[in-house]
Amino acid sequence: MEVIQPNDEVLIQLPSDTVKLVKVVPDSIIGLGKFGAFPANSLIGRPYYLTWTILDGDGFGLEPVSISEINGEKLATHNADGSAKSSKKSQKPSDSSTASGVDSPGLALEDTAIGVQVGEDGEDEEEDVELDAGVLQQELEKEQRLWEQQMKTNRDIRDDQTAQTMTWQEIEKLKKSGGTGSGKEIIARLLQSHAYIDKKTAFSLAKYTKRKTDKYLKRIRVVPADVPNFTNYQLTQKEPLKMLELRDEAMGLIISWADIRWGGRYLVIDDTGGLVVAAMAERMGLLAGEDARAPKKVSNARKRKREDNDDGKEEVEVSETGATEAKPADPVVAAAIQKETDEENMWASTMKRKSGYEQTQVPAANTITVLHTQDQPNLSLLRPFNFDTTNIINTTTHPLSSHLLSLSFLQLLSPESDPTLERPEPIPDAVLRTLKSVKRSNYHRKCRRQERVLNIVTSTRQGGFDGAIIATGMELSGVINTVAPLLKGSGQLVIFSPSVEPLSEVVDWCSTLRRNEYMRIKKEANAAIEEATNFDSNKPQTHVLDPDNTNPDIDAETIAILKELPKLPHHTPDVYFPIDPTNLLAPTIHTSRVRTFQALPGRTHPLMTSRGGSEGYVMHATKVFPILEGKVEARGKFGSRKKGSSAINTGVGKKENEKPKEVGRETTASVNGKKEDEMTIDEV
Amino acid sequence: MAAVAQQPIPSSTGSDGKAIVAFADSAFLPSPNSSSNIVPNSRAIAHLTRDVLQSVLILPASSNTPASSTPEPVANLKRKQPSGSNSNSLNTRFGSFPHSSLLIPAGSQVRSSSGAGFIHILRPTPELWTLSLPHRTQVVYTPDSSYILHRLRVRPGSRIIEAGAGSGSFTHASARAVYNGVHEKLPPVVSTGIETIDSATGSDAPSIETTSTQTGSEDLQGRVLSFEFHADRAAILRHELQQHGLHSVVTVTHRDVCASGFSLPDPSLNIGGNTHATAVFLDLPAPWLAIPNLNRANGSLSQTKAARICCFSPCLEQALRTIAVLREQGWVEEDLVEVAHKRLEVRRLGPGGKEIGTKSRAPGGDDELKSISVEDSVGRLKRQLWHRKAKQAKQRELMAKKRKLDAEGDGNLEDMGDDDSDVDMDGGEEDEAIEAAGEENGSGKLHLFHQGRVVVRTEPELKTHTSYLVFAVLPLPWTEQDEAAAKLKYPIPPRPAPQVNPRTGKDYTSGSKAPRLTADGKLSKNQEKKLRKAAEKAARLAEAEAKSSNGPEETGADA
């Protein structure tokens, strides 16, 4: 059963249409301000998406509201008109159309809109078909006439304080009486004592009833804090700017176009506080499951493993796990270990183990690599998903702690400058044993961290990522120049921006004219180099140490490893070519917006208001490898612009004949071919 | 983490043995060991232009009669024959590309056999496939499908029912979303291709697997259970999925779900007795007829998780009728939305309102010079007037000369004509020179792509409406017995005495500032201290007041 577990973060939908994020701590009290309070224990062990009434007065806790009651209210909203108390279900479907039309003109509109045969089988449809057009027309006209005759308006309703004769003292008294009945009684009395209640139209009455229901019944619904729910909460209730106003529809586009799948390797630059990472993790199966539920220290798992190994070196870590830790709680951790070992076997990691430290290896698949500008990534929004980012390096059994790899731009581009990559002064075992436990564990932690970061840097620089997502306010040219070379061929680059301008710039940097010019210059430059130095482009290049190294006394061993790292392809940006335009194919900008409708019978319309702010734009492009030798031109046959269907599948021979006529009309590429002659070269 | 880790269901596989997970051999799905090259017998996408993508099934170089090995299930169903399926080369408007020339790293630019044109060859993704697939029905495009999958919480390991598979666009997208490795032995795949490295590991993994997952109800594999009532469409889709290596993830069943329901898609499929889906996508003309077939009692929906549904209907009437049925059937959180998606075009707008790099620059096009600015316009008009005046003056002069000559007798008319044309030419040349100077930048070099400004506009053909989406959730059933049992398991404490701030009189029983009990029922030290201090202070205050005057006692009463 998927139920609310102790210490889960849940979202509570309040009667005021707002949502509250609450952690369900056992034996605590959850307070909802004016809506009252209830014990957390009355939520634990219950399924999500149920509706509850907060008990008042003597009772303490929650009382479930049956779904049929909630939906019944919605289904019967149009029936609130006093004359038509009979519920839809009670009527025979076959004659309901006419019957209800006569009984209650208020229903007529609804009937034509959705049909009363709701929930019945196909019989009625056949009848509908049998009705010929003339009869149908008559029916419609009859209903229309009835509707007009008895149509109520608000012309006789005076908007003043005296309309409601029930006083607030009376309401308070009823409230005090307690129980769930009190709320319903208040509403019933309110409706009774409203002066104009029978003058209200059905719709207005329904609205009035709903308003009062929300106010007096204190109903809440508990929904899980998964990525879409949490996004909406963050967007409407918290600080949308912190997450770049990233809406669900944009998130969907990002995740889809970036081709996020279980088993892939992805690079991400996330200024949304971790929301993009969370969505990716959800799609990679890294947020669900027992391990992801409550944070558990990995040291427990390690301890367990050590019992099997009985490795001398591990023994020093006993102190680290510490006496403060509770006993390895149970089979769950054991299962986690089991899973972990399984997994290691399964994805034979490409990274070599360098020493005895565990948890420093980088998984070969299903990873998210976060590139960040500061020392630490800002992934604070991962907290509701039970992932604490303050200890990002493998401290819990949470799937993310091993599959989320984080490194700063400094660590990627100039690893020798970063002190975390410096190996701590080695301490011989004999000395180590004599040290205080705190110092010892510190030493081991440092060593482990160095190994882990080194592994992350190595694996990241080797590239071959399946896709990259960039959601940042940073200048995009630099980011793209860093990220694009690390992508696999045909890998997807997806950029999200709250405004369109940064993205349109990127698209312009890849325009056909610019790309052709760049190719030409590059080819000439390459030819010149090859002539001059007999340059071998096939030889793999390795990392050239940063001359600006801020960490000069880094140990030799690390330097040796770093020197072996592959050289990152470098593009020198200039004013004309901020990024290498040949790397990215067909950058395209999308924007998507969801419009929500009020879906009530006879009263369906788009919501009157919705959130403004940023539209949210998603750009995607595909990483490609251009042909550098020889001249490449888009020459071909171009038919009509409609789908180009006629143009496809034509033979080569035929194409040759028609070429002269068509070239230059539709393709910008061939236009450029001509244009090139007029352009002089810009020295890059 | 391993696929096992994603399943919240406490599984027996965790304790009794290993759940072997193998990567599927599909170009749509990841396989960490395989090369990034396009391999034979796989799907690839040829990128011709942004809007023209052609899918191609790469055939092994050795076989010359490829079509015979995997025949099309239905010869031709309102469907273009995918190009290249009959020959060993891909024919496009940019030339012909032999399949052997496409066995290169994905993402490479490829020159055609004649050398004249080029394409890019890409690894397929559901998005690219959506743009290149043969249409059999209306296609669910990426803006809709991405939003639907996001809202339906389709994750690795989920089971999704899709009814009305149609052209298979949504099928591919959801197959990617549910995929969490392949857990069970599969029927042998027709493979004539080169043996890849991971096919070896894949072959021995399932053999162990068959013994461990006989338990049935513990099927952890993510699955798409696809239903299609059109026999030929179902057959073609099945064939396509087989070609794409997705047959282990998707089960296509030929059935009318409105009449026959969703349970038991295929008796031979060992997935724990029934569909047990957590997500449902209905792309049917009358979803309200199928919804009553979706319930927990008949096993079509998951017994342990909330189930989510999305119905995709183009008309508002359909959507409303669907919602009414959903409400009757006990679904909650019903939501009616519409996705409005736009694709934007980015252009450079040159001076004079012309787009740079488009056909407006083509010879013989609209080459009339336009003014760049007000000053320019004024200047140009002034120049024109000046020229005209000069011309008129000259003409007057000439006429005068002519008259004089006429009067004198013999005249040279041809000279006069030449002079006339010279004046015109001068004016034109000057304009062009100024224009050219304007386009030239400081170093005297011309970069057309850097001229003007970047502009963004909506693409010319806009999809203003695709369909209405109806979302809803079916919560797990919760009876009074369940509630009583839960109350017993997690006892509810009595309502605590109201905690009132003695000074302000503010009730913070339920407020955030109220001292919270820790898990073991004790207050933290800080909180205890605070409370004690507050109590002391209140007591002192009360004392002081009582001493000074026997007046109002409201403050003391609460303490």
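Numbers for the structure displayed
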{"quantity": "Placed amide H near B:Phe227: partners under 5 Å, 5+ positions off or other chain", "calculated": "B:Glu162, B:Ala163, B:Gly164, B:Ala165, B:Thr253"}
{"quantity": "Contour minus Cα-Cα distance for A:Ala528 and A:Glu239 (0.36 nm per residue)", "calculated": "98.6 nm"}
{"quantity": "Packing-based ranking, highest mean first, of A:24-36, A:557-569 given that Cβ atoms within 10 Å are counted", "calculated": "A:24-36, A:557-569"}
{"quantity": "Area accessible to solvent at B:Lys354, 1.4 Å probe radius, in Å²", "calculated": "50"}
{"quantity": "Extension reserve of the A:Thr165-A:Arg611 stretch, reckoned as 0.36 nm per residue once the Cα distance is removed", "calculated": "156.9 nm"}
{"quantity": "Förster radius 41 Å - calculated FRET efficiency between B:Gln481 and B:Glu543, Cβ distance, rounded to 0.05", "calculated": "0.15"}
{"quantity": "Listed residues A:Leu628, A:Leu140, A:Leu190 arranged by accessible area, highest first, probe 1.4 Å", "calculated": "A:Leu140, A:Leu628, A:Leu190"}
{"quantity": "Solvent exposure, largest accessible area first (probe 1.4 Å, DNA, RNA and ligands not counted), of A:Glu139, A:Glu2", "calculated": "A:Glu2, A:Glu139"}
{"quantity": "Shielding of A:425-433 by partner chains, average beta-carbon count, 10 Å", "calculated": "0"}
{"quantity": "Heavy-atom accessible area order for B:Val455, B:Val139, largest first, 1.4 Å probe", "calculated": "B:Val455, B:Val139"}
{"quantity": "Heavy atoms of A:Met243 accessible to a 1.4 Å probe, total area in Å² rounded to 10", "calculated": "0"}
{"quantity": "Area accessible to solvent at A:Arg449, 1.4 Å probe radius, in Å²", "calculated": "100"}
{"quantity": "Distance violations [Cα-Cα > 26 Å] among A:Lys215/B:Lys533; A:Lys20/B:Lys305; A:Lys523/A:Lys567; A:Lys488/A:Lys563", "calculated": "A:Lys215/B:Lys533"}
{"quantity": "Shielding by partners - mean other protein chain Cβ count within 10 Å, residues of A:249-260", "calculated": "6"}
{"quantity": "From phi via Karplus (6.51, -1.76, 1.60), per-residue ³J(HN,Hα) for the stretch A:40-46 in Hz, x at Gly/Pro", "calculated": "4, 4, 7, 10, 4, x, 9"}
{"quantity": "Inter-chain Cβ neighbour average for residues A:565-577, partner chain, 10 Å", "calculated": "1"}
{"quantity": "Rough spin-label spacing in nm, given labels placed 7 Å along Cα→Cβ, for B:Lys533 and B:Ala286", "calculated": "7.3"}
{"quantity": "P(r), alpha carbons of the stretch A:167-249 - 5 Å bins starting at zero, rounded %", "calculated": "3, 12, 16, 14, 11, 10, 12, 11, 9, 2"}
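The values are calculated or read from the model by the stated rules, or taken from the named source; none is laboratory data. Note that the structure is predicted; figures quoted are calculated from it, not measured. Cβ atoms come from the backbone with ideal geometry, glycine included; neighbour counts cover every protein chain shown. Only protein heavy atoms, including side chains, enter the accessible area calculation; ligands, DNA and RNA are left aside. Shrake-Rupley method; radii C 1.70, N 1.55, O 1.52, S 1.80 Å.
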